[in-house]
Amino acid sequence: MPDLVIENLTKAFNLLKAIDDVSLTVADGEFVTLLGPSGCGKSTTLGAIAGLDRADIGRIRLGNQVFFDGAESRFMPPEKRDIGLVFQSYALWPHMTVRKNLEYPLKLRKVPAKERDSRIDEVLDLVEMAPYADRYPFALSGGQQQRVALARTLVYRPRLLLLDEPLSNLDAKLRERARIWLRNIQSRVNVTTVYVTHDQIEALALSDRIAVMSKGKIVQLAPPRVVYDNPATEFVADFIGSANIFPGALESYDSKHSKLRLADDGILIADRPPPEGAKGRLSIAVRPERILFIHEHGDVPSENVFTVKVESASFLGARLLVVVRLGDTQLRVECDSAPEGDVVRIVIPPSACTLFEMQA
Ligand code: ATP
């Protein structure tokens, strides 16, 4: 069931379209992430859903509540929208204890006093902050403050949860843990959620679906695995998982394969047809972890084997990143162990190649 429906939303600042004809539906209880580089329009979209910003054109509704309708000049003020908003900065009230911070939004919404305590206890349990109920925010770590900020929103049971980079003030280790509890809590509460981030790992780990944004538009909307394995555009392939992208000339194709000639004259077979209508030169995207080194005495596949020169190798902790050169093209290869020698062979599996029309 679609819960949040956004249709043809557009918002310009002077001549710049910060959101350009964005349409998106989020199902009841679904977790959708707006992901993209700085300035692509994520926060403006979230602001328009929250009512902090007024869009120019389009429609936004939640269930049967109309938040915004440009054509009918309808705009519901933010305080009337049944939403919970959590930002990067925790913005807890410093002069109030955790319990008082959570009580305040309940008082505002005129929740009866006898119900307030049980709601606060329930949500503090949920975010595992019950032992800290009587502390002031200054006596909490960043991660704990962010839990309280989320609790302060969840306590009034909003119909829609909007999160704008809520984990970005946390250090790397805490972020990783916070991702897990955030997803657990969201699915337990089962609240429809829109999450904004420029962090691809966060988006992949948290979301039911990811809306990848570029220059005010949604360029792909799909589950994390689909976005990763089948990026819709060269931009998505590059932004998520930073694929190797290199040119090839289309020699022939059928409904299942494409044969491309690379700059060094080698032939690459891809396990997919070229994009519809594409001909001539294409962009080929291959993720660094999909390229394999052929080790001495190892099996040599019959196709897509290339001789390359090793340029550098860096230690990433769990894995190695090896940069190799194939003709004019530099390729990044992520692997467990690099082969011996400066000149080695790699294989690019046909299933690892995604093809795009070459960008102008
Ligand atoms: P970030 O990740 O850096 O927060 P974002 O994807 O959330 O970026 P937005 O904040 O939505 O991007 O901004 C989209 C575009 O609109 C940017 O080019 C930005 O400079 C512009 N913009 C946003 N707010 C305003 C404003 N109030 N006045 C003028 N331009 C604005």
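No value in this document is a laboratory result; all are computed from the given coordinates. Bear in mind that the values here come from a model prediction, so they are computed numbers and not experimental data. Quick reminder, even Gly has a Cβ in these numbers, built from the backbone with ideal geometry, and neighbours come from all protein chains shown.
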Open item on the list: Run the Debye formula on the Cα coordinates of the range 1-100, all scatterers equal and no solvent, and tell me log10 I(q)/I(0) at q = 0.10, 0.13, 0.18, 0.24 1/Å.
Closed with: -0.31, -0.51, -0.89, -1.37
- [ ] For the range 282-360 and the range 84-108, compute the distance between their C-alpha centroids and round to whole Å.
- [x] 51 Å
Task: In degrees, nearest ten, helix 142-154 long axis to first principal axis of the chain (Cα) - done: 60 degrees
Open item on the list: How large is log10 of I(q)/I(0) for the chain at q = 0.07, 0.08, 0.12 Å⁻¹ when the intensity is taken from the Debye formula with one equal scatterer per alpha-carbon?
Closed with: -0.41, -0.52, -0.95
Task: Folded to 0 to 90 degrees: helix 98-108 orientation relative to the chain principal axis, Cα - done: 70 degrees
Task: Fewest-first ranking of Glu276, Glu115, using other Cβ atoms within 10 Å as the exposure measure - done: Glu276, Glu115
- [ ] Would you mind calculating the relative contact order of the chain from Cα pairs under 8 angstrom and at least 6 residues apart, reporting the percent as a whole number?
- [x] 15 percent
Open item on the list: From the mean inverse distance of alpha carbon pairs (Kirkwood) and the Cα radius of gyration, derive Rg over Rh for the range 256-350.
Closed with: 0.98
Task: For Leu320, net neighbour charge (Lys/Arg +1, Asp/Glu -1) across residues whose Cβ lies under 14 Å away - done: -3
- [ ] Under a cut-off of 17 Å between alpha-carbon atoms, report the lysines in cross-link reach of Lys114, not counting same-chain residues fewer than 8 places apart.
- [x] Lys100
Task: Proxy reagent accessibility, fewest Cβ within 10 Å first, across Leu140, Leu316, Leu102, Leu4 - done: Leu316, Leu140, Leu4, Leu102
Open item on the list: Could you list His257, His95, His297, His198 so that the one with the fewest beta carbons within 10 Å of its beta carbon is first and the one with the most is last?
Closed with: His297, His95, His257, His198
- [ ] Using the charge dipole of the range 213-320 (Lys, Arg: +1 at Cβ; Asp, Glu: -1 at Cβ; taken about the Cα centre), state which of Met213, Ser255, Ile267 has its Cα farthest towards the positive end.
- [x] Met213
Task: Reduced Cα scattering model of the range 146-290, Debye log10 I(q)/I(0), q = 0.09, 0.11 Å⁻¹ - done: -0.41, -0.56
TODO: List, in the order given, every pair from Lys42/Lys173; Lys80/Lys110; Lys215/Lys256; Lys11/Lys42; Lys17/Lys80 whose Cα-Cα distance in the structure shown is over 22 Å.
DONE: Lys42/Lys173; Lys215/Lys256; Lys17/Lys80
- [ ] Take every Cα-Cα distance within the range 76-125, group them into 5 Å bins from 0 onward, and report for each bin the whole-number percent of pairs it holds.
- [x] 4, 16, 24, 26, 20, 7, 2
Open item on the list: Against the 2.2 N^0.38 Å scaling, with N counting residues, where does the range 58-206 land? I'd like the Cα-based Rg ratio to two decimal places.
Closed with: 1.09
Open item on the list: How many angstrom lie between the Cα centre of the range 114-137 and the Cα centre of the range 1-46?
Closed with: 33 Å
- [ ] Rounded to the nearest 10 degrees, what's the angle between the helix 113-126 long axis and the longest principal axis of the chain, both from Cα atoms, 0 to 90?
- [x] 20 degrees
Task: Alpha-carbon centroid distance for the pair the range 228-260 / the range 195-227, whole angstrom - done: 19 Å
